[in-house]
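To start, the structure itself, in structure tokens.
Laboratory data are not the source of any read-out in this text; all were calculated from the coordinates shown. Quick caveat: nothing in here was measured; it's all calculated off a predicted structure. Positions of Cβ are backbone-derived with ideal geometry, glycine not excepted, and every protein chain shown enters the neighbour counts.
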Amino acid sequence: MTGPDPKQTPPDIPGFRPQTVPGNMVIDLNKGVDGQAMSEAKQQFFLLQWLFTIPDQVPKDIRRYFVYWKVFYFLGAIIHLAALVLFALAGVSFMAWFNVVSVTLFVSAFVMVRHGHYRLPFWLVNTEVMAHGIAATVCVGPLVGFQCYVFPVAIMAFVQPFYGLRVSTLLAGGCLASLLVLMLYVQGHPPVYQVSDIWMTVMMLISWTVFPFVLVAMVLPFIAEARRAEIELESAYGESESLLLNILPKTIAERLKRSSGMIADDHDRVAILFADIVGFTTMSDRLPPAEVVNLLNDVFNAWDELAEKYDIEKIKTIGDAYMVVAGLPTAQDEPETIVARLALDIARKVSEFKIPGTGEPMQVRIGINSGRVVAGVIGQRKFAYDLWGDAVNVAARMEATGEAGKIQLPDELALALAEHFTFEPRGAIEVKGKGMMSTSYLVGEKPTS
């Protein structure tokens, strides 16, 4: 049996469409792009990855300089290799041999950095650049501009993690002083080598082209690093702001950032709501912990959305209890009406959740009250925004003494809300710390005419 002819047109296969590209490049559906383009792209990618990858073992205080050093030493070796050829062709033999040493130093510095040695390469490279600038200027004169390479060395004195500002300033000052002495020297002494006009022009063009490139290559990594640091700082600031606003009301968070003093405010008209899931403790005893947390998280997230809808402040959750308040930290018109509507919405919303195992709708006990409170931030670690007062205590008692699926409140508050809501009288009950108190259950909101 003979196999298919490889030159034969492929048979019709559903979904198959011949792939063509300009030129002679062929796309093999099994091997991808074939040819020199793929090979060159891979080589460029691996070169960049080789230069810009930071090993995990590089110390934290070195990481911001590591890529910069590798790129600088790598480019320095290439530039000095080109200078070697240039000086050899121009007949400046001393500088040609000098650059043999320079290339060796830059390659050695690159290898040392990759193997965890940082200070010695720093000194070797900067000394070489300084000496190269001085020697080249003495050999061919100042018109070529090799003396300008003293300036990058002065900059490098500050771009390092080894020495403080005082030492860096002394090093930079020494570089600039050397440049001054060099320029005074060459003013009274002719160049050692008499280079032809053509080679002098070539060296001038190359030197004055490479010099700004070197400066840009020195600055760009640190601009990129500064931008990266800014992005990280902005991200960290945003995360801290989000975390702070999850703990404190926005206005209180702003005050806390502006001042370290105590925050305590007196509010005359505030409405408080406490809600507690009926039977949750028993439910949590028979459910896996993860399921308990997920269920509670879902319920509280739904209630959070309702609180946000009415623009009122969630104060805290304790176990399966939930506390919100209207009228602080910013005063609101008719906070009692807002909380009453929220209570009705919470009771309706919780019925949408089913008790695991039974499938019955969940129920909640809710207590509401209004009055004067004191609110503030307590604690220096794990601080919290909370409120205190008789109105808060009564609201908590309304929830604790209420019945499943009902919203209990004092008759005084029911009377104030009677114009817009309907109630079911409960009568007098014993309330801890208050004695006998007449209460009612909130049933619903009256239809608007």
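Structure data summary
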| item | result |
| --- | --- |
| Cross-link partners of Lys60 among lysines (Cα-Cα below 20 Å; sequence separation of 8 or more within a chain) | Lys70 |
| Distance (nanometres) between label positions extended 7 Å along Cα→Cβ at Glu445 and Lys250 | 2.3 |
| Helix-derived mean residue ellipticity, 222 nm - over the chain, DSSP H n ≥ 4, -39500 (n - 2.57), to 500 | -18500 deg cm²/dmol |
| DSSP-defined antiparallel bridges as percent of all bridges, the chain, nearest 5 | 95 |
| Cβ-based exposure ranking for Met204, Met398, in which fewest neighbours within 10 Å come first | Met204, Met398 |
| Percentage relative contact order, the stretch 220-342, counting C-alpha pairs under 8 Å, at least six apart | 29 |
| GNM top mover of Ala418, Ala340, Ala395 - the chain, alpha-carbon springs below 10 Å | Ala418 |
| Dipole magnitude (debye, nearest 20) for the stretch 261-445, charges at Cβ of Lys, Arg, Asp, Glu | 520 |
| Exposure proxy ranking, count of Cβ atoms within 10 Å, fewest first, for Trp303, Trp97 | Trp97, Trp303 |
| Packing-based exposure ordering (other Cβ within 10 Å, fewest first) of Val374, Val216, Val270 | Val216, Val374, Val270 |
| For the chain, built as a Gaussian network whose Cα springs stay under 10 Å, the top-fluctuating residue of Asn294, Asn99, Asn393 | Asn294 |
| Pairs beyond 21 Å (Cα-Cα), from Lys316/Lys349; Lys349/Lys382; Lys349/Lys446; Lys349/Lys406 | Lys349/Lys382 |
| Amide H contacts of Phe423 (H built 1.01 Å from N, under 5 Å, at least 5 apart or other chain) | Val443 |
